[in-house]
Amino acid sequence: MIRYVLKRIIIGVLVVVAVTILLFLFMQLLPGDPVTMIAGERVPPAKIEEIRRSWGLDKPVYLQYFYWLSHVVVGDLGVSYVTKLPVSLLVFSRIAPTLQLTLTSLVLSFIMGIPIGMVAALKRGEGVDHALTGFITFFYSMPSYWLGLMLMLIFGLYLKILPVSGSFSSQSLILPVATLTLPSVATFARLMRTETLETLGEDFVRTAWAKGLPMRRIIFIHILRNALIPATTMFFLYLPWVVSGAVIVEAVFAYPGMGQLFYKSVLRQDYPVIQSIILIIAVLTVVSNILADLLSAFLDPRIRIGGRRE
Amino acid sequence: MPLLDVKGLKTYFYTNRGVVKAVDGASFTVNENEIFCLVGETGCGKSVTALSIMRLIFPPGKILSGKALYKEEDLLKIPESEMQKIRGREISMVFQNPMNSLNPVFTIGYQISEAPTVHFNLSKKEAWKRTTDLIRDVKITDADTRAKCYPHVLSGGMRQRTMMAMMLSCNPNLLIADEPTTSLDVTIQAQILDLLIEIKKKRRMSVILITHNFGLVAEFGDRVAVMYCGKVVEIGDVTTIFRNPLHPYTRGLLRCLPIGYKRKSKLGFIPGTLPSPIDTPSGCSFHPRCEHSTKSCKLREPELVEYEKNHFVACHLYER
Ligand SMILES: Nc1ncnc2c1ncn2[C@@H]1O[C@H](COP(=O)(O)OP(=O)(O)OP(=O)(O)O)[C@@H](O)[C@H]1O
Ligand code: SF4
Ligand SMILES: [Mg+2]
């Protein structure tokens, strides 16, 4: 088990390094010269060259990369081209609001998605199932920027009961959280419905009935315990997705998180900031994947002992 | 007074391909302390009959009519809460496939202790004691360690023993064993069957043994019912049926039975194929394959009549 975890961590580090290399190359391909971003307009060419040298942008790409990487490893993410502030300062103050937004939404989605999916599966083919499946499909297929705008329109402009932007009160969290949550409730509910239906048809459920167990015991112990394994794994696998999804939602609601910072930095070609945020998401993805694996090994004895599911 | 009296049981499945008449008017009785065999080709409705008695038929299946009298109560009529008290405690069932019949995420000890805990309100300690005793009863060594194992580390034979321990945990009066050994290899099959018979004798319970294999019927059975297309076509003492099979279908099954290879022998070959359960033939459903078939066989369904004492058959040849 420990060897397995170590192996996963080593692979994870390699994945992150690969992501940073791709990212660096990709940045070179983007149009526009970062020096003009740093210097602003109407600067004499001599000054431009000076800036280029002082920021190390005259060096070959691979040297720039190693320079950047060696600083990242010790926690120095570089300096923003636009604000000239350390990127760590800019980014780290934004992480907490984003995590608040995404974790709230993930936990809510999990708590709501699980029972919705289970009820839909247990009432399969009945009115309740059709209603819930309709709900699931509706929100599952809805783009989040559009959902965000609609919610803003309905609750902010027509009903005037919720603030439409910013983050000045806990109320202003409601709409962004709802925008992120509704589609992921649908995702969890969909997964849970499928898993429950599959488990319902398993022979061991019939065994549980044949033992004379009451229905609630069969549902809440035998079925739930099995059907929850993929949903719990999904919680972690989904975390990086929700963080990426927050980019759009934060931009729509002017919510001061990492996503909004990312959005603005892309517009201003502020490469160090963009790179750092993508790096954070890459690390988050790798860590969540490892956590998801460990958790499913913990929940499923077939993986725990056998090493792998047959 | 039989322990279980099944009368005119009909269970259909409403699938999108059509109505599957899985059990279509089956009748038989099971006496106290006997091994009652249910034989027939694959798809003739043996498993569905057993599941109907346990009332474990789920949509699209439906039990349409019939009675299953157990201790003067009709199992098909009593409320679900009453039925729960009967399942696992009075009547229990061992399934065909031990590989998937155990829950992968709970230890076998937990799964064995569940039924007695629920039915008898046992404390944790009492339940554990009972569980390890049961594991020993089904001849699994090292009960205390084995109880903490998860099903996937056990072999097929071990899982079937676990399944038996689970189903015997509340001392049922009737155990339904639905082809308990078909998925196991031959040496293990014999061990499991011997264990079943030994436990049956010790506990004086009745067993419904569902099987394809007439050899097993000859070796272990007290009485036997032959099923065809969801109906019981012949029923009687095992010795009587072997000495004097009446129904053309039973005769066909017994014809090719080799003597001496009892446990290995499979059912005999009968010309024609099993009709689709969606549109079963009119009249006697065996008529397309029967060498004695007449006009009235196609038109009228034969009833199960007592040909000699305790020997029933459903065929026009024997109607008086
Ligand atoms: N859940 C179900 N849905 C639809 N049809 C079913 C279902 N269960 C059983 N059947 C059908 O009912 C008929 C009888 O099935 P059953 O399982 O009782 O046969 P069997 O005699 O036990 O056969 P085997 O020896 O292969 O176990 C078959 O035609 C089968 O296809
Ligand atoms: S009723 Fe007719 S068709 Fe059916 S088994 Fe008897 S003789 Fe054959
Ligand atoms: Mg069967």
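The values are calculated or read from the model by the stated rules, or taken from the named source; none is laboratory data. In this text the structure is predicted, and so the values were computed from the model without any measurement. Cβ placement follows ideal geometry from the backbone for every residue including glycine, while neighbour counts extend to all protein chains displayed.
Numbers for the structure displayed
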| quantity | calculated |
| --- | --- |
| Test: residue in the stretch B:64-83 that is hydrophobic (A, V, I, L, M, F, W, C), more than 14 Å from chain A (Cβ to nearest Cβ) and either closer than 30 Å to B:GLY215 by Cβ or within 16 Å of ligand 2 (Cβ to nearest atom) (or both) | yes |
| Yes/no for B:LYS77 being surrounded by fewer than 18 Cβ atoms within 10 Å (Cβ to Cβ) and either in contact (Cβ under 8 Å) with a residue 24 or more places away in the chain or within 16 Å of ligand 1 (Cβ to nearest atom) (or both) | no |
| Those helices (runs of 4 or more DSSP H) lying entirely in the stretch A:22-139 with at least 2 residues over 20 Å from A:TRP241 (Cβ atoms) and among the charged types (D, E, K, R) | A:45-54 |
| Qualifying residue in the stretch B:235-246 (condition: polar (S, T, N, Q), within 16 Å of ligand 2 (Cβ to nearest atom), surrounded by fewer than 20 Cβ atoms within 10 Å (Cβ to Cβ) and away from chain A (no Cβ under 14 Å)) | yes |
| Failed condition for B:GLU306, given (1) free of Cβ contacts under 8 Å to residues at least 12 places away in the same chain; (2) near ligand 2 (Cβ under 8 Å from one of its atoms); (3) acidic (Asp, Glu) | (2) |
| Residue list for the stretch A:219-248, restricted to those being within 10 Å of another protein chain (Cβ to nearest Cβ) and under 30 Å from B:ASN171 (Cα atoms) | A:ILE221, A:HIS222, A:ILE223, A:ARG225, A:ASN226 |
| Which listed residue is modelled with pLDDT under 95 and hydrophobic (A, V, I, L, M, F, W, C), from B:LEU38, B:LEU64 | B:LEU64 |
| Residue that is farthest from ligand 1 (Cβ to nearest atom), among those in the stretch B:214-230 that are touching a Ser or Thr at 6+ places or on another chain (Cβ under 7 Å) and not β-branched (Val, Ile, Thr) | B:GLY215 |
| Among the candidates A:VAL79, A:VAL119, residue that is in contact with a strand residue (DSSP E or B) (Cβ under 7 Å, 6 or more places away or on another chain) and hydrophobic (A, V, I, L, M, F, W, C) | A:VAL79 |
| Checklist (1) of a type outside the set (Asp, Glu); (2) in a loop (DSSP other than H, G, I, E, B); (3) over 24 Å from B:VAL118 (Cβ atoms) applied to B:LEU64, failing item | (2) |
| The listed residue being surrounded by 15 or more Cβ atoms within 10 Å (Cβ to Cβ) and not small (Gly, Ala, Ser), out of A:VAL43, A:VAL72, A:VAL61 | A:VAL72 |
| Positions within the stretch B:85-98 being more than 8 Å from chain A (Cβ to nearest Cβ) and part of a loop (DSSP other than H, G, I, E, B), in sequence order | B:GLU90, B:GLN96, B:PRO98 |
| Search result, residues across the stretch B:5-56 that are closer than 24 Å to B:LEU254 by Cβ, near ligand 1 (Cβ under 8 Å from one of its atoms) and assigned to a strand (DSSP E or B) | B:VAL23 |
